[in-house]
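One structure is given below, encoded as structure tokens.
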Amino acid sequence: MAEPIPTDWVKRASSLRLRVQNIVDGRSVAQSGDETSKKLSPRDGEPLYEFHASAKENVASAVDSARRSFEDGRWWRQSPQARHDVLLRLANLLETHAEELALFECLDVGKPISDALSIDLPFAVSVLRYNAESVDKLHAKVYAADPTCLAYQLRRPAGVVAAIVGWNFPLALAVQKVAPALATGNSAVLKPSELASLSACRLAQLALEAGVPDGVLNVVHGGAETGEFLGRHLDVDMLTFTGSSRTGKRLLVAAGESNMKRLLLECGGKAPNIVFEDCPSIDAVADAIIARAFWNQGEVCSASSRVLVQNSMREELQRQLVYRASALKPGDPLKVDTTYGALVSAGHRTKVLEYIEEGKREGAEILYASNNPPPLTSGFYVSPTIFSCVQPSHRIAREEIFGPVLSILSFEHEDEAIALANSTIYGLSAIIWTRDMGRSHRLSQGIRAGSVTVNASSAPKGGPPDCAMASGGHKQSGIGVEGGLEGLEAYTVQTAVQYFV
Ligand code: NAD
């Protein structure tokens, strides 16, 4: 019989002893940097754990470890079937340890424990399984030549891959890097965000248990400085990054000024949700907008942070959005019925509150914000907030807030909607609501976004798994794609071979 899901997460959390250590060459080792990270719990502001950031020599030893494991071929020379089996074992181990890992995600990020269990963990497992099953599906070209020559493209792992990730889905973001990197035979050094360090250590330990050889997956902890060491390291062949566009640009400089390591950058977004009067159902639209704007407290790169609604239905949609926002259940992230938790840090909370003040100052009107007291007084809580009368020039309409702030703008014609959708520096994702397929196609061509979803209910069914479709940001939302077979190819390099008989 399946184990019952525990409901007393507070008790479980208080019994944890949290330690944050690097994993290098298959062993836990202490970091020796001067800088100390003090992680406070988003839910109650109390100290959760602290650790030293990795010094330059700690990063160097992790890269050395990855390099040794790559050069002796202990991983990439294994058959694709062997790598497939190990990665599937790792996926199974994540499932076995799902509660422990979900608890880490909830404690680090402040996200509801129910979301961590029902969304973050299954997604991470599915990404691992997808990549494991794709190991033997990559191919390369053979060229036309006469019988004296065999000319073909050889695909090889890139080498030592550094993965630097953000904090909003710590395990899922790490797995989105580690799974394709390892599936294609690379050795890796993973650096999680200093705001969410717990699940990365556990991922690396479980990888060892699954059979990933020592040194193939290393973890270094720390913040910007530790990340810079990786970005500028001369022996890192590829850097794969998920985080802000600002940091992505710094990494482009770091790569350019060091060894021209190849880069895959998944950066920020300001997704438009474009609602036309011929949308399938206003209820479905309102449900989906609230779910996508406030899921994970709005700390999602593809959060529906802008609603662009056709004038004729603005009033009605606004009413529906307010009604649904008031039905969210803000609460202690460790309570199972909470649907909306805390922000990741005090600093991030301040940034989001400043944007809310800026919105008011610039003349937008608050349509919804709760006056209820926060669930725990010292936690980092911000009410879901909806602004109406937002102008395209307002900062809340243009900049990524990465928090629970939804801005409503309106338009009259299709061309205006496209122009508004494109009026930020970002181009990550967009959602369109219309029953007119021609219009949806025109918008998909006109909007600069790496992914477009049309009529996406809050829990759409029937499409391929998210990780099966290659997508990546346009404009300042990134470089390269993640997901699908193209996402695996990104972790390989090609050699053109001509064999003359
Ligand atoms: P961030 O850029 O501040 O940090 C991301 C990572 O980079 C962290 O590990 C951090 O320690 C490290 N870092 C920071 N400065 C660095 C430097 N100078 N050199 C090297 N490493 C450095 O981003 P964040 O606040 O952790 O995450 C939020 C951002 O991530 C948002 O912009 C969000 O849109 C984006 N994001 C994008 C996706 C996507 O798939 N496109 C997914 C999730 C999050």
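The values are calculated or read from the model by the stated rules, or taken from the named source; none is laboratory data. It should be emphasised that the depicted structure is a prediction, and the values quoted were computed from it without experimental measurement. Backbone-built Cβ (ideal geometry, glycine too); neighbour counts: all protein chains shown.
Among the residues of segment 269-281, which ones are at pLDDT 95 or above and either crowded, with 17+ Cβ neighbours inside 10 Å or in contact with a Lys or Arg (Cβ under 9 Å, 6 or more places away or on another chain) (or both)?
Within segment 269-281, G269, K270, A271, P272, N273, I274, V275, F276, D278, C279 qualify.
Just to confirm my filter: which helices (runs of 4 or more DSSP H) fall fully inside segment 167-245 and include at least 1 residues that are under 14 Å from the mean Cα position of the chain (by Cα)? Steps first, please.
Details: elements: 170-183, 198-210, 224-232.
Here the list reads 170-183, 198-210.
When segment 477-489 is examined, which residues are found to be surrounded by fewer than 21 Cβ atoms within 10 Å (Cβ to Cβ), in contact with a helix residue (DSSP H, G or I) (Cβ under 8 Å, 6 or more places away or on another chain) and in a loop (DSSP other than H, G, I, E, B)?
Passing the criteria: only V481.
Determine the pairs where a residue that is in the same structural domain as R442 (by TED's automatic domain parsing) and part of a strand (DSSP E or B), located within segment 398-417, has a partner that is polar (S, T, N, Q) and within 14 Å of the ligand (Cβ to nearest atom) with Cβ atoms under 9 Å apart, the partner being 6 or more residues away or on another chain.
Partner pairs satisfying both residue conditions: V405/S305; L406/S304; L406/S305; S407/S305.
Being within 30 Å of N92 (Cα to Cα), touching an Asp or Glu at 6+ places or on another chain (Cβ under 7 Å), assigned by TED's automatic domain parsing to the domain that holds A82 and more than 9 Å from the ligand (Cβ to nearest atom) narrows it down to one of G215, G222, G211, so name that one.
Every option except G215 fails the conditions.
In segment 62-73, is there at least one residue being among the aromatic types (F, W, Y) and either over 22 Å from L230 (Cβ atoms) or crowded, with 23+ Cβ neighbours inside 10 Å (or both)?
Yes: segment 62-73 contains one or more residues that are among the aromatic types (F, W, Y) and either over 22 Å from L230 (Cβ atoms) or crowded, with 23+ Cβ neighbours inside 10 Å (or both).
Restricting to segment 220-257, and then to whatever is farther than 20 Å from Q31 by Cβ and of a type in the set (D, E, K, R), can you tell me which residue is surrounded by the most Cβ atoms within 10 Å (Cβ to Cβ)?
D237
Across segment 461-476, what is the total count of residues that are within 12 Å of the ligand (Cβ to nearest atom), within 15 Å of the chain's Cα centre (by Cα) and outside any helix (DSSP H, G or I)?
Number of matching residues: 3.
Out of all the residues in segment 124-138, is one or more touching a strand residue (DSSP E or B) at 6+ places or on another chain (Cβ under 8 Å), at pLDDT below 95 and more than 30 Å from L343 (Cβ to Cβ)?
Yes.
Is it the case that segment 451-463 has a residue that's under 30 Å from G347 (Cβ atoms) and out of contact with any Asp or Glu (no Cβ under 7 Å at 6 or more places or on another chain)?
yes
In segment 355-392, what residues are touching a residue at least 24 places away in the same chain (Cβ under 8 Å), of a type in the set (S, T, N, Q) and assigned to a loop (DSSP other than H, G, I, E, B)?
Hits for segment 355-392 are S370, N372, S378, S383, Q391.
Write out, first by first residue and then by second, each pair whose Cβ atoms fall under 6 Å of each other, whose residues are 6+ apart or on separate chains, and whose first residue, in segment 35-49, is within 21 Å of H221 (Cβ to Cβ) and assigned by TED's automatic domain parsing to the domain that holds Q21 while the second is crowded, with 18+ Cβ neighbours inside 10 Å and among the acidic types (D, E).
S37/E194
Is it the case that Y130 is in the same structural domain as D214 (by TED's automatic domain parsing) and either closer than 13 Å to T184 by Cβ or in a helix (DSSP H, G or I) (or both)? Quick ask: steps written out before the conclusion?
Working: in the same structural domain as D214 (by TED's automatic domain parsing): yes; either closer than 13 Å to T184 by Cβ or in a helix (DSSP H, G or I) (or both): yes.
For Y130, the condition - in the same structural domain as D214 (by TED's automatic domain parsing) and either closer than 13 Å to T184 by Cβ or in a helix (DSSP H, G or I) (or both) - is met.
Under 8 Å between Cβ atoms, which residue pairs at least 6 apart in sequence (or on different chains) link something in segment 165-179 that is near the ligand (Cβ under 6 Å from one of its atoms) and among the β-branched types (V, I, T) with a partner that is at pLDDT 95 or above and not in a helix (DSSP H, G or I)?
V165/L190; V165/K191; V165/P192; V165/S193; V165/F241; V165/T242; V165/G243
Look at segment 312-333 and say how many of its residues are among the aliphatic types (A, V, I, L, M) and either over 17 Å from V382 (Cα atoms) or outside the structural domain of I401 (by TED's automatic domain parsing) (or both).
3
Looking at segment 19-45, which of its residues are modelled with pLDDT of 95 or more, farther than 30 Å from E71 by Cα and in a loop (DSSP other than H, G, I, E, B)?
Within segment 19-45, S41, P42, R43, D44, G45 qualify.
Within segment 258-268, is there a residue that is surrounded by fewer than 24 Cβ atoms within 10 Å (Cβ to Cβ) and part of a helix (DSSP H, G or I)?
no
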